[in-house]
Amino acid sequence: MVSNRWNGAMRETSSGRMLFSLVLPLGILIGGLLVGVLFSKTTATVVGAVIGGCIVTILVILRKNEVLLGLVLVAHIYVDWYLGSLFDAQLLTIVLLMLFYLMRSPHHPWAYPRVLWLWSLFLVLGIFPAIQGAWRLYDVAFYYPNIIGGALVTFWLGTVIAKDVTSLRKVVQILALIGALLAIHTIIEGTTGVVLFGSSRFDEFLARAQGYELATGLNVHRIGSFFVDPNWNGTFLATMLFLPLGLFMESSTVTDKLLYLVEAFLILPALLFTYSNGAWVGVLGGSIVFFLLVGRTIDRVLIVAMTGVAATLGMLLFSYQINLQLQHASGATELTLRQGAWQTGINVIQAFPLTGVGLGFDVYLARANAFRDPRQYLALDHPHNSYIEIAAKAGLPMLVLFLSLVGFALWQAFHNRALFEKRTRSLFGGTIAAIIALSVNSISINAWTLPPISALGWTLLGVVASPLLQKSLNTASEGARSVEESNGY
């Protein structure tokens, strides 16, 4: 079977057969070594490198593209963010894009993101603020390779992989599983204090933050999991919540529905352990959109019923956490600090409207201090709002481009959704609701401007807005007409 797929890919690209035969082994080697390095960082053994290389090689040969996409997201979260590599996942993404281009075929088509001119403008205009903010190597690696250039390659990877609704479903299934697993990780950390697969990298930082204790002397800690900061973990979980819900509405078998329901009901209590106010606001925004976008009226009735059940179970099983969450939400200190941080960012935008102060943490910390609002009683290196952050650090033109790219991708997603039957629209609705939850949450935290969460957002946008989804429907229609004509209808 492996040999047949390999030979089929070779035959289907006759014009580039020689290039393919030369570059594919090299690409697999690079990808294998790269993931091998990722594995070796956690195992500190040569065996880890061998295992990683074998995994990537086998997945590429078998064309398990959706699994590879999941591997990229895991690398973003655990290796790049938690272990601090910062751009290994982006290198893996570029290698995969090269391989998918060389291995393109009628069954595995290639696609370019639409409005490439807008993407090009986004990449070019981002160079100056990236240079301006390059006060240290960390800032150089953080912003341009991930938030600007990484946005395009991650979106592109999702675009190429979502070649039809089956591929879209597989991607959402894998991402929903990743969300459920990190929810379990959060619950275990919240109940036992044990961080599975933990690292000592953030120990000093967590000590300074007092382990994100909810209130002094309460001995209750907000859980960040691999994101460290509980607000970022909350954003991730709030975004992921709608993926199993969309799958639940779209699936037709009891077994599948039960699986997706379990995933969703794992994410909800995990979200409680983050005590993130902004994440719950994101859930509210996503829920409204999801309610409007599910395909059938009966699904809306089911959503209301599930909400009631979840609320009842929450009050029975997690009343303590819910009460603490309400107390945390009613606290004026955190909101005042947020408002001060936002106003400081707006003051910076007014002073540097075209270019911002530079894409970097140190440069913002230094230059924004002169414009600090009195309510911001702490020195902050970002304004706790992704949209204000982009404008303050890179200028208003970059914010306009960013919003245009997100908005156009959402428009494509709505267009794709309208092409499919009502049941399938719930799958699109869940994915779009996840993006809305992330976007709403980005008002209160730097979600769209944090590499692992940004990668998740652009991945979701890429798969749900892929032009290949429409082409797959056209191809299916043409095939059906050909069959009818051949049968004499």
For this session: May I ask you to verify whether Leu324 is more than 26 Å from the chain's Cα centre (by Cα), open to solvent by less than 20 Å² (accessible area, probe 1.4 Å) and either at positive phi or not charged (D, E, K, R) (or both)?
Result: yes
Exercise. Within region 145-160, is there a residue that is open to solvent by less than 50 Å² (accessible area, probe 1.4 Å), within 27 Å of Leu247 (Cβ to Cβ) and in a loop (DSSP other than H, G, I, E, B)?
Worked result: no
Seminar exercise, completed: Considering region 174-224, residues that are of a type in the set (Phe, Trp, Tyr) and part of a helix (DSSP H, G or I), and then whichever is least open to solvent (accessible area, probe 1.4 Å), we arrive at Tyr212
Exercise. So which of Phe414, Phe402 is farther than 22 Å from Ile148 by Cβ and of a type in the set (A, V, I, L, M, F, W, C)?
Worked result: Phe414
Problem set entry | Output for region 419-445, where each listed residue is under 16 Å from Gly234 (Cα atoms) and at pLDDT 95 or above | Ala433, Ala434, Ile435, Ile436, Ala437, Leu438, Ser439, Val440, Asn441, Ser442, Ile443
Problem set entry | Answer from Leu218, Leu258, Leu272 - the residue that is under 25 Å from Leu427 (Cβ atoms) and either modelled with pLDDT under 95 or not charged (D, E, K, R) (or both) | Leu258
For this session: Please go through region 277-298 and pick out each residue that is at pLDDT 85 or above, open to solvent by less than 70 Å² (accessible area, probe 1.4 Å) and either in contact with an Asp or Glu (Cβ under 9 Å, 6 or more places away or on another chain) or among the β-branched types (Val, Ile, Thr) (or both).
Result: Asn277, Val283, Val289, Val294
For this session: Looking for whichever is surrounded by 14 or more Cβ atoms within 10 Å (Cβ to Cβ) and over 30 Å from Leu218 (Cα atoms) here; the options are Ala368, Ala341. Which one fits?
Result: Ala368
Problem set entry | Filtered residues of region 384-419 (kept if part of a loop (DSSP other than H, G, I, E, B), out of contact with any Lys or Arg (no Cβ under 9 Å at 6 or more places or on another chain) and under 24 Å from Gly278 (Cβ atoms)) | none
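The values are calculated or read from the model by the stated rules, or taken from the named source; none is laboratory data. Worth saying up front: this structure is predicted, and the values here are computed from it rather than measured. Virtual Cβ from ideal backbone geometry, glycine too; neighbours counted across all protein chains shown. What goes into the accessible areas is simple: the full protein's heavy atoms, side chains included, and nothing from ligands, DNA or RNA. Shrake-Rupley method; radii C 1.70, N 1.55, O 1.52, S 1.80 Å.
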